[in-house]
1. Filter region 203-238 for residues that are part of a helix (DSSP H, G or I), closer than 17 Å to K70 by Cβ and of a type in the set (V, I, T) and give the result.
2. Considering (1) more than 29 Å from A13 (Cβ to Cβ); (2) in a loop (DSSP other than H, G, I, E, B), say which one A286 fails and leave the rest.
3. Consider only pairs whose beta carbons are under 6 Å apart and that are at least six residues apart or on different chains; among these, list those whose first residue lies in region 350-378 and is touching a residue at least 40 places away in the same chain (Cβ under 8 Å) and in the same structural domain as G111 (by TED's automatic domain parsing) and whose second residue is in a helix (DSSP H, G or I) and acidic (D, E).
4. If I go through region 180-201 residue by residue, how many of them are in a helix (DSSP H, G or I), over 17 Å from A259 (Cβ atoms) and not charged (D, E, K, R)?
5. Condition first: over 22 Å from E37 (Cβ atoms) and under 22 Å from the mean Cα position of the chain (by Cα). Now tell me which residues in region 395-432 satisfy that.
6. Considering region 250-276 alone, what residues qualify as being under 34 Å from the mean Cα position of the chain (by Cα) and free of Cβ contacts under 8 Å to residues at least 12 places away in the same chain?
7. Residues G41, G54, G85, G116: which one is crowded, with 21+ Cβ neighbours inside 10 Å and at positive phi?
8. Quick one: would you say L200 is surrounded by fewer than 24 Cβ atoms within 10 Å (Cβ to Cβ) and under 20 Å from Y71 (Cβ atoms)?
Amino acid sequence: MTESENASEPGRAAIGLAVLGIVYGDIGTSPIYALRECFRGVSPVPINEANILGILSLIFWALVIVISLKYMVFILRANNHGEGGIFALLALLRPDQAQHSHSRRVLILLGLFGAGLLYGGTMLTPAISVLSAVEGLEVAAPSLESYVLPVTIAILVVLFAMQKHGTAKVGAMFGPIMVAWFLTLAALGINSIMDHPEVLKAVVPWYAVQFLASNNLAGFLVLIGVFLVVTGGEALYADLGHFGATPIRVVWFYFVLPALLLNYFGQGALLLDKPDGTLQPFFHLAPDWALFPLIGLATAATIIASQAVITGAFSLTRQAVQLGFVPRLKVQQTSEHSHGQIYMPGINWFLMIAAIALVLTFRSSNNLAAAYGVSVNATMLVTTILAFNVARERGGWSLAKASLFLLVFLTVDLAFLTANAETIPRGGWFPVAMGAVIFTVIVTWRRGTELLIQSYEANTITIETLLGRLEHDPPHRVPGTGVFFTARAEEVPNAMMQLLKHNKLLHENIVIVNVKMTRDPRVSHEDRMQVKAFGQGVYEVRLNYGFMQGFNIPSDLSYCIEHRDLPIDLDDTTYFVGRTSVIADRKKDGMMAWRDKLFAFMVRNTMHATSLYQIPASRVIEIGLQLGI
């Protein structure tokens with residue numbers, strides 16, 4: 001049972017506010033530009049009653065089928081001990097077993113490509129969200145058009161600069177602002193619907209079918225704009241671990257979905273009343289006196305949406321690091337109370353540069369919208385395929401039931417993706433290209449790590465073999481404790497072999513630490529540590545971490561001293577860390593030369609073990625190793 005399910009009524013209300021602020025920022029800001037893109041996008045259609053009702057019907061059923069059914073009813077069930085997101089799905093599919101099956105390898109690679117595409121979409125979200133809100137200035141005062149880009153860039157710079165302080169202090173404001181935002185969406189929509197209540201007929205799917213049939217290719221390409229209403233689906237799934245499925249579902253069905261539908265239908269009613277000259281239907285819903293306040297509220301909402309996406313990128317990257325898919329990167333904890341609040345400077349500045357470059361390149365949210373959908377759409381399709389396999393392998397679903405799920409939702413995903421493919425020459429290539437680059441980094445790091453481990457193993461002996469050597473040819477033992485790190489249990493680290501070979505000495509106590517990342521998000525403190533004594537002052541400490549947890553080796557060793565009978569003194573301890581130099585060995589089963597160079601570059605620039613394990617730098621001795629791959 002999750003914390004949210006145990007909460008009191010006031011506690012549930014607070015959780016509901018947090019859900020609004022963190023989970024629904026992305027999908028909640030889509031009304032600013034989604035319906036507009038259906039009429040002004042890649043393939044514009046005339047603004048008449050039949051087309052308005054047809055597009056509204058498509059929007060209604062997209063939200064019902066994709067978000068309400070696919071994500072809320074089915075996908076949220078596919079959680080890894082409460083955690084969601086594409087890496088949680090990959091963990092459920094046990095990527096460590098991928099080498100045993102060709103189909104499993106293909107499935108894991110597909111999932112990793114989906115993760116790469118998700119990063120591509122993450123770069124676009126702050127750019128399109130903030131820019132679309134600031135463009136409201138063009139409606140309020142056309143003379144301010146030249147200020148749109150500078151104001152957008154300034155907001156983005158401030159937004160990313162604030163990340164190092166964390167979201168703990170401003171997080172309490174997110175929920176109330178988003179409550180005001182969704183209430184405003186609903187109020188604006190209701191006010192417009194009252195003038196043209198006939199717009200509600202669009203809930204009948206016949207209008208969607210008739211629209212697609214009568215508009216042929218142009219009608220089909222309108223799906224590019226329609227898809228923008230569901231682009232927050234992956235974001236809300238990734239935030240599953242923060243709140244649990246129940247609060248996310250309750251807030252969606254009782255608050256967010258009604259507010260979104262009322263606003264979309266309100267925009268449709270406005271277009272029925274004023275089909276000509278309404279280039280920004282969302283902002284035209286507001287009376288003149290409320291336009292500037294609405295622009296301010298929309299800007300605040302898009303900043304919150306961007307904040308949630310950026311935080312999600314940090315969380316996603318940490319999961320990838322913990323699962324061994326990408327190199328170690330610097331992670332800073334920004335809250336003493338919430339483990340999920342982290343800051344990754346490298347990812348943060350990369351996203352900022354990308355977002356600003358996108359704003360300067362595309363120059364309008366209309367142009368950005370063409371680039372936005374394809375990467376998120378492809379990620380959703382990958383999620384459908386992964387969820388099908390998880391349902392079969394871990395959920396106990398019958399083939400017939402799982403196949404029906406796959407058939408229905410894959411058909412919808414493919415329909416949207418086919419339409420979105422038309423945007424690739426118009427800007428959709430960017431997130432696809434970025435996804436391909438990130439995918440290449442992931443698979444190169446993963447394969448290079450495997451080759452590196454093989455090279456380690458070729459030069460490694462077991463602890464039992466070491467004990468035999470120590471007994472027959474004992475080296476000089478010096479006072480204190482030496483701590484070494486190994487990737488495999490009961491094996492002697494290469495750094496230790498180098499020290500013994502060249503210096504002919506060891507400490508009185510030797511602690512060999514084996515850090516293992518499990519497929520679970522978290523491992524309890526009691527289950528994390530195991531200590532084994534081999535004799536002759538040699539001990540092995542096994543530390544099992546969940547992929548959502550950070551490392552702290554000194555803290556865990558202190559726990560082992562107190563609770564696991566590890567007889568060492570941390571004040572008299574030296575940590576030996578290996579610094580690996582990768583050499584391209586041109587092995588038959590190795591990688592291409594350019595991938596060898598890419599992997600070597602990543603190894604050189606990966607986060608040092610001293611920072612990763614939170615080891616005191618003053619107690620670290622680094623030993624260089626050269627290994628071929």
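1. Once the filter is applied, which keeps residues that are part of a helix (DSSP H, G or I), closer than 17 Å to K70 by Cβ and of a type in the set (V, I, T), region 203-238 yields V226, V229, V230.
2. (1)
3. Correct list of pairs: A369/E37.
4. Taking region 180-201 first, the residues in a helix (DSSP H, G or I) are 180-193, 197-201.
From the residues that got through so far, the ones that are over 17 Å from A259 (Cβ atoms) too are 197-198, 201.
Filter once more, keeping what is not charged (D, E, K, R): 197.
The qualifying residues number 1.
5. F409, L410
6. Y254
7. Numbers: G41 fails: at positive phi; G54 fails: at positive phi; G116 fails: at positive phi.
Being crowded, with 21+ Cβ neighbours inside 10 Å and at positive phi holds for just one of G41, G54, G85, G116, which is G85.
8. No.
The values are calculated or read from the model by the stated rules, or taken from the named source; none is laboratory data. Source: prediction; values computed, not measured. As a convention, Cβ positions derive from the backbone with ideal geometry for all residues, glycine included, and neighbour counts pool all protein chains shown.
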